[in-house]
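Take a look at the structure below.
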Amino acid sequence: MNNDATLSPHPLPLLGKERGKITSASVRVRIAPSPTGNLHVGTARTAIFNDLFARHHGNNGAFIIRIEDTDTERSKPEFEENILEGLRWLGLNWQEGPDVGGLYGSYRQSERVGEHKQALEQLLASGAAYEDDGAIKLKVEEKNVSFDDAVRGTVTVHTDSFGGDFVIARNIDSPLFHIAVVCDDFAMQITHVIRGEDHLHNTIKHILIQEALGYPRPHYAHLPLLLDEQRKKLSKRSGETSLLAYRDMGILPQAILNYLALLGWNPGDEREYFTQEELAQAFSLERVQKGGAIFSNVKLSAMNKHYLSQLSNEDLLSWAAIHYEKAGIAISEPERLLTTLKTELGRFASYDVGGIPLHEAMSWHASDWKSDYAAVSLTFKKAYSEQTPEIKKSTQAILSELMQDVQEISGDLFTPEALQEFLMGWIDKNQKGRGDVLWPLRVALTGREHSPGPFEVASVIGKSDTLRRLQLAHDSLV
Ligand code: GLU
């Protein structure tokens, strides 16, 4: 139906890759979020696909953000800020938008009403639209309307399915969504409309308006919906839907970018981990699937674990520092905290470690750490121990013998390997049960029943601190 040459209503140069610098871009895509709520993960996924499509076209691709704020009652500046903040956090790069400007502004729909009114006047004058019961409607013939969708192939819908004539404005001063979208996409020379499948029926209406106004038709691609694990539309009920809530949980932007890019698109091979550049190279609309894409927190966590393990020391510490700051806790021993984080890597996928906040889970790293565990947890298999005096006594005796022998180890030998060799030898030599020694030792050193092994922990905190904690544990059993 269209080619790029027909999409030039204005003799304006197109704005290309660099913000504020005019180059030509023959592929122009956009997202048009409504600032009526925080950035939804579904909108973020649509934004990622648009961004990748534009990036895939290099200097010929431009990605545009247009804020659809025509619903003045529900639109709020703080939601617009939240949307832009989320998209920036993901590392998306738009060449035109409300924050960076561009030649096709305004990038807020409410500021473009003048153009929408002109289009309404044109439709009324040509008889394609009329006023009815205080609203302006587009006249619609009974017919099939078809368009080619890059994801779904040829889509055909009969105009009866939405009842024929439809409202395009409340009055000449209040154009509504359908006409506003069509006018703005035309004026901004949008070549490809890539948006959620929930807009499939709107597209038919948009095509009818385009035809009545004599506008060219952009290419369309409707993305599959995001579903929860019960295959229901992803909603607040099924879990967190605000993108920045994932940032606040400790999900890394590269993890959620990679994860969302694979929700509804696949590279056609087994690859799972991609940089943004690799995604842009591999991305094509042809590989977008029709069926709904399931958002799985388990898979996102696994991806985050992977990306956490790839972080440099500095980035890992900065990642933790965001959480510490929010929790209002100063990091006084950054090096020890870093070693601790690295020792614990693989045990956490976010700022929540098995139900406890990261700073609590990592609290054992501090040299002034004090026991906050219940003495009962020191005895191995506490379920049957029931804290009988005998068991308490034998645990205490083990700790006391152990302290005497640990005292003799040189501080240089506080490496995980050397400590493991020492402790395993010690258990054999003294004919103790492994759990009877290793369990209380771990709890004595970290206060936790789930933590890295005592060898790793002892090597992080060093000899004197290890002895101090053994003593505290010993004394708590009295
Ligand atoms: N404002 C619409 C939404 O937030 C997007 C419309 C479009 O992409 O054309 O769903």
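Would you confirm whether any residue within region 230-242 is open to solvent by 10 Å² or more (accessible area, probe 1.4 Å), on the phi > 0 side of the Ramachandran plot, small (Gly, Ala, Ser) and modelled with pLDDT of 95 or more? The answer is no; no qualifying residue exists.
Looking across region 215-226, the residues that are surrounded by fewer than 22 Cβ atoms within 10 Å (Cβ to Cβ) and either of a type in the set (Phe, Trp, Tyr) or under 23 Å from Leu103 (Cβ atoms) (or both) come down to Tyr215, Pro216, Arg217, His219. Within region 190-199, if we keep just the residues that are open to solvent by less than 30 Å² (accessible area, probe 1.4 Å) and not in a strand (DSSP E or B), the residue that is farthest from the ligand (Cβ to nearest atom) turns out to be Thr191. Only helices (runs of 4 or more DSSP H) whose full extent lies in region 366-467 are considered here, and the ones with at least 1 residues that are touching a Pro at 6+ places or on another chain (Cβ under 8 Å) and either open to solvent by less than 30 Å² (accessible area, probe 1.4 Å) or within 23 Å of Arg347 (Cβ to Cβ) (or both) are 389-408, 416-429, 434-446, 454-461. For region 23-61, residues that are open to solvent by 10 Å² or more (accessible area, probe 1.4 Å), more than 17 Å from Asp185 (Cβ to Cβ), in contact with a Ser or Thr (Cβ under 9 Å, 6 or more places away or on another chain) and more than 11 Å from the ligand (Cβ to nearest atom) total 5. Gln210 meets the conditions (1) among the polar types (S, T, N, Q); (2) surrounded by fewer than 18 Cβ atoms within 10 Å (Cβ to Cβ); (3) more than 12 Å from the ligand (Cβ to nearest atom) in every case but one. The failed one is (2). When each of Leu103, Leu138, Leu90, Leu120 is tested for being among the aliphatic types (A, V, I, L, M) and under 30 Å from Asn258 (Cβ atoms), the lone residue that passes is Leu90.
Only one of these is at pLDDT 95 or above and in a loop (DSSP other than H, G, I, E, B): Tyr259, Tyr273. Name it. So that I can check it myself, show each step before the final result.
Details: Tyr259 fails: in a loop (DSSP other than H, G, I, E, B).
On inspection, the qualifying residue turns out to be Tyr273.
Is region 98-109 home to any residue that is of a type in the set (D, E, K, R) and either within 31 Å of the chain's Cα centre (by Cα) or at pLDDT 95 or above (or both)? Spell out the reasoning first.
If we filter region 98-109 for residues that are of a type in the set (D, E, K, R), which is where we start, we get 99, 108.
Checking the rest, the ones that are also either within 31 Å of the chain's Cα centre (by Cα) or at pLDDT 95 or above (or both) come to 99, 108.
Yes, some residue in region 98-109 is of a type in the set (D, E, K, R) and either within 31 Å of the chain's Cα centre (by Cα) or at pLDDT 95 or above (or both).
Within region 67-81, residues that are part of a helix (DSSP H, G or I) reach partners that are within 14 Å of the ligand (Cβ to nearest atom) and aliphatic (A, V, I, L, M) with beta carbons closer than 9 Å, at six or more positions or on different chains, in the pairs Phe79/Leu39; Glu80/Ile67. For Ile83, the stated conditions do not hold, so it cannot be described as surrounded by 15 or more Cβ atoms within 10 Å (Cβ to Cβ), aliphatic (A, V, I, L, M), touching a Gly at 6+ places or on another chain (Cβ under 6 Å) and closer than 25 Å to His192 by Cα. Set side by side, the residues Ala180, Ala169, Ala187 differ, and just one is surrounded by 13 or more Cβ atoms within 10 Å (Cβ to Cβ), among the small types (Gly, Ala, Ser), within 24 Å of Gly105 (Cβ to Cβ) and within 13 Å of the ligand (Cβ to nearest atom), which is Ala180. For the subset of region 150-166 comprising residues that are among the small types (Gly, Ala, Ser) and open to solvent by less than 50 Å² (accessible area, probe 1.4 Å), which member is farthest from the ligand (Cβ to nearest atom)? Selected residue: Gly164. For region 62-80, a residue qualifies if it is within 16 Å of the ligand (Cβ to nearest atom) and of a type outside the set (A, V, I, L, M, F, W, C), and the qualifying residues are Arg66, Glu68, Asp69, Thr70, Asp71, Thr72, Glu73, Arg74, Ser75, Lys76, Glu80. Do we find that Ser34 is assigned to a loop (DSSP other than H, G, I, E, B), touching a residue at least 40 places away in the same chain (Cβ under 8 Å) and under 24 Å from Ser238 (Cα atoms) in this structure? Here the answer is yes, as Ser34 does meet what is asked.
The values are calculated or read from the model by the stated rules, or taken from the named source; none is laboratory data. Nothing here was measured: the structure is a model prediction, and the numbers come from that model. A quick note on method: Cβ atoms are made from the backbone with ideal geometry, for glycine too, and the neighbour counts reach across all protein chains shown. To get the accessible areas, we keep the full protein, side chains included, count just its heavy atoms, and leave off ligands, DNA and RNA. Shrake-Rupley method; radii C 1.70, N 1.55, O 1.52, S 1.80 Å.
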